[in-house]
Amino acid sequence: MIKETSLALNTRNWLPKEGESVDRARNRATHDFAAASIEQRKAPPEERINTFIYILGKDGQLYDKETGEKPTLRWATETDHLENHAFQIMELWAREGSSENLAWFSPPDDKHGYTEARLVVSKIEKEKEEISIICRAFCLPYSKDECIDLAKEIAVTSTENTTHINSGDTLRAFPIFFNPPNNLAWYEYLEEKIKEPNIWKKVKSGDDYRNKREALRLSRPVIEKHFDLIVATESAYGYVLAGALMEREIAMSGVIFQARGSCGMSNQEALGGFKNNSGIFDTVFSSAATSNHESSFSCPSCHKAIPSGLGITVCPHCGAKKEDYGKCV
């Protein structure tokens, strides 16, 4: 049983933060949605490499290179605390670390709502006065034990690793420092450990960067279309629904979200079970986002609930269109 529910698209995180303009929030949402559309899509591992870059600010904190924003850290669940602890170690490494590379593992674990492994490899690059952290997130067909074994293998290459690796939660909270031997590049070293040749072809050719640019191109119009709905909603159901509509929209471009994957549960999957367990997202959204969705009507095609008053003309469950059914949708 899943004790915590992780959503592929936690759209409430995209609301404008204090002092942030709507345009900046929309841009941040575009990059988050593009990342999720890569990592959560139904595709082989080489098509699911999410590449992103942080810049180390003068204040010693990491900022997204594309948006200029600090990552939003949420502290609501056990998963949040473990993963945020790992991010804080990454930030400290960027400022003071001696190892060249960092590997963060998110093993599959029902307790945290993840059904597959995620590995983020980060490398420090320095150019003049700027320090960049180049990160690549890989989705791998690894079990929790396989993640632990791989982490132990690469951990021996750096004396900075002082934590005993004995569980998935240890990996989730403590990234692994590593220095490839024999002057190997990080990807040459990991290629010997992770037998997924097509992944490494993508990295060596730079196709992962090109794939990210394409994901951003596809994501922008989807965010433009649905961002006002996210800002206007007042319920957890509305936030889940907005993500489900976006997943359905981008599916028309060939990007199909897995029901469950490295980012958690897809919003379409979550929406389907919402009425049976309206409290399932209590740890995903704050108490301000209630689960009230009393005002709804049934889709005449699949008969599932659609919230009223939000101007929705396409069923988020089955895709039925209003024009096909007249006034009843």
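Just a few scattered comments:
- Figure legend. Inter-residue proximity from the stretch 102-120: first residues over 8 Å from Arg172 (Cβ atoms) and β-branched (Val, Ile, Thr), second residues modelled with pLDDT of 95 or more and crowded, with 23+ Cβ neighbours inside 10 Å, beta-carbon distance below 6 Å, spacing 6+ or different chains. Indicated pairs: Val120/Trp104.
- Complete set of residues in the stretch 66-90 that are touching a residue at least 60 places away in the same chain (Cβ under 8 Å) and under 19 Å from Asn101 (Cα atoms): Glu83, His85, Ala86, Ile89, Met90
- Of the helices (runs of 4 or more DSSP H) lying entirely inside the stretch 157-270, those containing at least 3 residues that are closer than 28 Å to Asn84 by Cβ span 168-173, 186-193, 207-232, 236-251.
- Unique match (being closer than 28 Å to Gly57 by Cα, surrounded by 17 or more Cβ atoms within 10 Å (Cβ to Cβ) and not assigned by TED's automatic domain parsing to the domain that holds Gln258) among Glu116, Glu83, Glu129: Glu83
- The set of residues in the stretch 199-212 being exposed (fewer than 12 other Cβ atoms within 10 Å of the Cβ) and on the phi < 0 side of the Ramachandran plot consists of Ser205 alone.
The values are calculated or read from the model by the stated rules, or taken from the named source; none is laboratory data. Note that the coordinates shown come from a computational prediction; the quantities given were computed from them, not determined experimentally. So basically every Cβ, Gly included, is an ideal-geometry build from the backbone, and we count neighbours across all protein chains shown.
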